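Some notes on the structure that comes next.
The values are calculated or read from the model by the stated rules, or taken from the named source; none is laboratory data. It should be emphasised that the depicted structure is a prediction, and the values quoted were computed from it without experimental measurement. Cβ atoms come from the backbone with ideal geometry, glycine included; neighbour counts cover every protein chain shown. Side chains included, ligands, DNA and RNA excluded: accessible areas come from the protein's heavy atoms. Shrake-Rupley method; radii C 1.70, N 1.55, O 1.52, S 1.80 Å.
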Amino acid sequence: MTTTGSSPHPLEGAGISAGLMALLSVTLLATSGTIHLHTPMLVELARHFGADAADVGWIATLSFAGYVAGTVALVPLGDRADKRRLIIGKMALMIVALLAMAAAPTLTVLAAGSFVAGVCTSVSQDMIPLVSELAPPTERGRAMGTLLSGLFLGILFGRISGGLMASYLGWRWAYVLPAGLIAGLLPLVIANVPSVPGKTRLGYAALMRSLVQLLRDHAELRRASAIQALLGVCYGGFWATLAQMMATLHGLGPTATGLIAIPGAAGILLARPAGRWMDRYGATPTVIAAACLVIAAYLAYALVWFSVAAIAVAAALLDAGIRSSAVANQTLITNLDPAARSRSNTVFTAHTFGGYSVGAFVATLAWVHAGWPGVCASGLIFAIAALLVQLRAGR
């Protein structure tokens, strides 16, 4: 498949200053948290608009649907268009969407705004290939780990700050303040992020068709995407059944369940070390270690019947494994074809989120038909499958 058509850009591997790396990480933190702001506010939103749980559930559904749509439909354009312009455009539209949500007179307007904001949140998947292109080959893993630390922090920040702002300032301010933060960062992004033009002249339809061709041509992309999808099943299953398990086995409510997000953010601490290991040893040992962490998480998960502390341990191990694998695999796939970094990242991200969705479905089904042992067994099966795929590739 022909994906190139031009010589390497002069900025290829030119390096990223500490200041630019910090700016991109903070920007990713601010933008990635926007689709998680609603998580602790759904009850308040239902009360305000006089809606039921099913109605306000559309806010969560449409925000994540927008994220997937933006990733699949817009991120591949980064291989043809200037990634800087895509980032700036999505940030500007995100500000408008968040302010529209803050002023929403009806739940319908709020839900529509959540979809647009979700589309714009895919800006994170534009930054990943941009950083991969600018970072020197020997430092790409560390750069990716630093950037993804911002992404992971953003998810945690969004879940926690949304609830705090809604409680003390009102739910509308939970959208106004992030919009103000992004508006403050936008001039800095415009002034400091370099132009990184695309390396292909393929039309939009050809770009979309080439997503499948990339999977056919690159065994490493197939493997990395499959492994992340399998581990994603474990992650999605954990969070989909956590509240039910906490209530059924220990009689704990939503507050205690929400606090699990804190130890569940352990992957933030391992993101940069995982990137360094990737630079030094390659993807294989890093991903093997990550899969083993997920297996250990589900072994600890099986012990929560006897100890609440095991829940926090399981959440920490799971997040550490998932995030470490993501750093290594995402670094790997963005190095495969310099002219197709955005499209490779699109394929990888689609598999990851597909795994989350399948995991929620499988774990819920296991809970209904086999109880807690079924949930633990299903997670272990998928985690071991991910490990075996990587071990087979290593041989």
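What is the chain's relative contact order, in percent, from Cα pairs under 8 angstrom and six or more apart in sequence? It rounds to 24 percent for the chain.
Going by the alpha-carbon gyration tensor, a ≥ b ≥ c the square roots of its eigenvalues, is region 345-394 rounded (a/c under 1.5) or, if a/c is not under 1.5, prolate (a/b greater than b/c) versus oblate?
Numbers: a/c = 5.09, a/b = 1.43, b/c = 3.56.
Oblate.
Within the listed set 203, 267, 379, the residue fluctuating most in the Gaussian network model of the chain (springs between alpha-carbon atoms under 10 angstrom) is 203. Computed over neighbours whose Cβ is under 13 Å from that of residue 228, the net charge equals +2, Lys and Arg +1, Asp and Glu -1. From the Kirkwood radius over Cα pairs of region 79-208, Stokes-Einstein at 25 °C and 0.890 mPa s returns a whole-number translational diffusion coefficient of 150 µm²/s.
Could you compute the net charge surrounding residue 269? Neighbours are other residues with a C-beta less than 14 Å from the C-beta of residue 269; K and R count +1, D and E count -1. If you can, show how the numbers build up before the last one.
Values: positive: 272, 276, 323; negative: 319.
Value of the local net charge: +2.
Placing +1 on the Cβ of every Lys and Arg and -1 on the Cβ of every Asp and Glu, with nothing else charged, gives the chain a dipole about its Cα centre of roughly 640 debye.
Evaluate the Kirkwood expression for the hydrodynamic radius of region 257-336, namely the inverse of the mean inverse distance over all pairs of different C-alpha atoms, and round to one decimal in Å. Kindly include the intermediate steps, with their values, before the conclusion.
Values: mean 1/r = 0.0782 Å⁻¹.
By the Kirkwood definition, the hydrodynamic radius is 12.8 Å.
Of all accessible surface on region 84-177 at a 1.4 Å probe, what whole percent is carbon and sulfur? C and S fraction of accessible area: 73 percent. Here region 289-353 exposes an accessible surface that is 80 percent carbon and sulfur, computed with a 1.4 Å probe and the other protein chains kept in place.
Placing unit charges on the Cβ atoms of the charged side chains and taking the dipole of the chain about its Cα centre, the candidate lying farthest along the positive direction among 191, 15, 46 is 15.
Under 1.5 on a/c is rounded, so check that first for the chain, then, if it is not, pick prolate when a/b is larger than b/c and oblate when it is not; a ≥ b ≥ c are the square roots of the alpha carbon gyration tensor eigenvalues.
Numbers: a/c = 1.74, a/b = 1.14, b/c = 1.53.
Oblate, because a/c is 1.5 or more while a/b does not exceed b/c.
Entry note, region 119-232: relative contact order of 11 percent, from Cα contacts under 8 Å with a spacing of 6+ residues. Near residue 141, once Lys and Arg are set to +1 and Asp and Glu to -1 for all other residues with Cβ below 10 Å from its Cβ, the sum equals +3.
Quick one: grab the alpha carbon gyration tensor of region 28-72, order the square roots of its eigenvalues as a ≥ b ≥ c, and give me rounded if a/c is under 1.5, else prolate or oblate depending on whether a/b is larger than b/c. Taking the square roots of the gyration eigenvalues as a ≥ b ≥ c, region 28-72 is oblate. Size check on region 60-145: the Cα extents along the three principal axes, sorted descending, read 51, 22, 20 Å.
Considering region 140-185 at the alpha-carbon level, its Rg and Dmax are found to be 13.3, 41 Å.
Can you give the accessible area per residue of the chain, in Å², using a 1.4 Å probe?
Details: 15740 Å² over 395 residues.
Ligands and nucleic acids excluded, the figure is 40 Å² per residue.
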